[in-house]
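Student: Pasting a structure here, questions to come.
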Amino acid sequence: MRATKEQEATASREDANAGRPGPVRPALEPRAPDWRRILDLMAERHSSRDYDGSEIDHELLTAIVRDGTEAPSSCNQQNWHFIIVTHPELKRRARDIAGGNPHFADCAALVYLCFQKGWTHNNFSIVQSVAGACYHMMLSAHLRGLSCIWNAGIGDTQRIADMLGVPPTFQIQGALAIGRARASQPHMKAPRRPFAEVHSFNGFARPAKALYPVRPAAAYPFERIHNSDNPFAEWNPQVWGWERLADLRGLSVWAKSPLAGVYVSQRQGDATALEIGLLDDIAPGSHLVELLPWGGTYSVELRRRFGPQVHLHLAELSERNHRFIEERLRQEGVAPEQVHRDLIRGGRLPYADASIDAVIAPQALEHTPDPVAVLDELRRVLRPGGQLAISVRNSRSRYGWYWRRVESRAQVPNQGPFRPLPASRVSALLRERFRVQAEFGIGRRATHDAAVVHGLGRRFCRLLAARCVRE
């Protein structure tokens with residue numbers, strides 16, 4: 001577009017005044033007249049993990065990756081490389097290496113994001129460059145009507161390098177899955193923080209609930225912090241408090257994406273069925289509370305067992321989490337009727353005294369800042385004769401040893417920090433408040449074990465499970 005005389009005069013004045021302080025200038029004229037519509041379309045992009053398996057023309061895939069290379073690159077060296085994987089067998093192997101990413105086999109293409117090691121590493125500038133290129137590809141795919149998801153959790157990168165012939169001087173940073181989403185996929189974007197929480201002018205300012213706690217230290221060098229080894233991670237829910245726990249649980253979506261039958265813990269084995277089996281039959285019209293349902297795995301099974309004739313109350317800390325559970329129920333094809341989205345505030349359950357017929361608290365107590373107060377709350381809301389089904393991770397078990405030596409050395413999980421509790425202490429607390437009808441242990445090993453143990457040995461299992469009645 002040819003510049004007007006007024007624009008040329010303005011440019012001349014700007015050149016003459018370069019480097020001099022001056023008044024704030026008005027915003028420039030947008031380059032695209034439909035800029036707002038373009039930005040709105042970009043904001044609609046959301047991740048997809050459910051693809052129809054169809055192929056995409058190689059020319060289109062090439063164009064999407066080429067778009068990515070228009071992103072800025074540190075020092076303009078462009079030491080990135082993008083490997084487009086479309087062969088079905090390679091995608092299946094990629095899925096197996098990743099472990100928890102079944103969509104790797106069903107997408108049209110996986111784009112492995114790589115960079116050459118040794119250049120512009122300060123402040124992770126080369127990593128930032130590849131990330132910028134990846135997002136540019138994601139927008140290109142989205143604006144072309146395709147779906148995608150970027151994955152950092154891709155499994156053993158050395159196995160991937162061996163599979164694809166990546167030289168040791170290159171690092172595999174992640175993978176971008178691109179494809180056509182199934183019509184049934186969840187059409188929901190993960191929640192964004194309120195903008196006021198994530199920006200400030202002329203200095204750092206952030207609400208307390210959005211500042212997650214860490215262990216006290218003189219410094220927090222980034223290079224010492226890894227997902228599997230974080231010496232500063234704070235696992236004590238009491239230090240977090242209810243409000244920050246609610247913030248974390250309401251935003252984190254790993255293992256909470258609402259796809260049917262996907263995010264069920266393999267380490268649990270058959271323990272989930274045993275925990276739900278603690279509940280006796282519940283009469284139609286009764287009110288059942290699930291404490292801290294997280295991703296909805298138990299919610300689905302509870303609804304399948306008791307049906308819509310029983311009111312299912314999901315007692316969570318964040319409304320954002322409720323939306324994921326609601327979509328998970330829909331994806332699993334269970335009836336949404338009589339499902340209630342209830343919020344816990346400050347540790348108090350939102351129910352009147354003696355108004356609830358049954359409560360299930362599967363591995364939830366150890367996630368709370370004050371387990372004793374929570375048990376008091378459960379007793380308060382249960383009617384006389386109401387039942388409580390509860391399971392708790394046991395600190396005096398092989399799992400407890402594993403948690404202390406391995407698990408708790410890592411970053412806290414996305415469902416929130418927790419600390420296993422001594423089975424003997426939990427048993428005593430339950431007997432002080434309820435009549436215990438049944439009590440047993442689940443799992444002799446640290447993980448992948450759902451053996452049922454009665455007698456004294458129950459106190460040394462991974463989980464302590466009990467069915468109680470309020471008298």
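Student: How high is the FRET efficiency between ALA183 and ARG405 when r is their beta carbon distance and R₀ equals 51 Å, given to the nearest 0.05? Spell out each step's value before the answer.
Tutor: Values: r = 46 Å, r/R0 = 0.91.
It comes to 0.65.
Student: To make sure I understand, if each residue's beta carbon is the centre and we count other beta carbons within 10 Å, what order do CYS75, CYS148, CYS134, CYS107 fall in, fewest to most?
Tutor: Exposure proxy ranking, most exposed first: CYS75, CYS134, CYS148, CYS107.
Student: Could I ask something else about it? Going toward the positive end of the dipole of the chain, with +1 on Lys and Arg Cβ and -1 on Asp and Glu Cβ, which of TRP35, MET188, GLY443 do you reach last?
Tutor: So the residue furthest toward the plus end is GLY443.
Student: Would you mind pulling out the separation of the Cα centroids of segment 92-124 and segment 184-249, in Å?
Tutor: With segment 92-124 and segment 184-249 each reduced to a Cα centre, they are spaced 25 Å.
Student: If I take every Cα pair under 8 Å that is 6 or more residues apart in segment 45-179, average their sequence separation and divide by the length, what percent do I get for the relative contact order? Write down the numbers at each step before the final one.
Tutor: Values: 232 pairs, mean separation 49.1, N = 135.
Computed value for segment 45-179: 36 percent relative contact order.
Student: Continuing with this model, one more query. Over all directions, average the projected area of the Cα convex hull of segment 245-395 and note it in nm².
Tutor: 8.4 nm²
Student: Please state, rounded to one decimal and in Å, the Kirkwood hydrodynamic radius that segment 45-179 gives when every pair of distinct Cα atoms enters the mean of 1/r.
Tutor: Kirkwood radius, segment 45-179: 14.8 Å.
Student: Which of the chymotrypsin sites (Phe, Trp or Tyr not before Pro) found in segment 56-153 are in a DSSP loop and have at most 16 neighbouring Cβ atoms, other than their own, within 10 Å?
Tutor: Answer in residue order: TRP119.
Student: Separate question: Taking the simple approach of a point 7 Å from Cα along Cα-to-Cβ for both ARG159 and GLU89, what is their distance in nm?
Tutor: According to this spin-label approximation, the distance is 1.7 nm.
Student: Report the Stokes-Einstein translational diffusion coefficient (µm² s⁻¹, integer) for the chain, Rh taken as the Kirkwood radius over Cα pairs, at 37 °C with viscosity 0.692 mPa s.
Tutor: Here the translational diffusion coefficient equals 129 µm²/s.
Student: Shape of segment 196-334 from its Cα gyration tensor (a ≥ b ≥ c, root eigenvalues): rounded if a/c is under 1.5, otherwise prolate when a/b > b/c, or oblate?
Tutor: Prolate, since a/c reaches 1.5 and a/b exceeds b/c.
Student: Same structure again: Would any residue of segment 400-421 have its amide N under 18 Å from a label point 7 Å out along Cα→Cβ of VAL239? List them or say none.
Tutor: Within reach of a label on VAL239, which here means backbone N under 18 Å from a point 7 Å along Cα→Cβ, segment 400-421 contributes 403-421.
Student: Among THR447, THR297, THR169, which comes first, then next, by fewest other beta-carbon atoms within 10 Å?
Tutor: THR169, THR447, THR297
Student: Fewest Cβ neighbours within 10 Å first, please rank LEU251, LEU464 accordingly.
Tutor: Fewest-to-most Cβ neighbours within 10 Å comes out as LEU251, LEU464.
Student: Mind checking the alpha-carbon convex hull of segment 346-471 and giving the volume per residue in Å³?
Tutor: Hull volume over Cα atoms, normalised by residue count, gives 103 Å³.
Student: Could you tell me the relative contact order of the chain? Use alpha-carbon pairs under 8 Å, at least six residues apart, and round to a whole percent.
Tutor: 12 percent
Student: Now a separate question. Need one number: % antiparallel among DSSP beta bridges in the chain, to the nearest 5. Display every interim value, and only then the final one.
Tutor: Values: 39 of 59 bridges.
Around 65 percent antiparallel, to the nearest 5.
The numbers here are math on the coordinates, done by the rules we state, and not lab data. Since the structure is predicted, the reported quantities are computational estimates derived from the model, not experimental observations. Cβ coordinates were reconstructed from backbone atoms using ideal geometry, including for glycine residues, and neighbour counts include every protein chain displayed.
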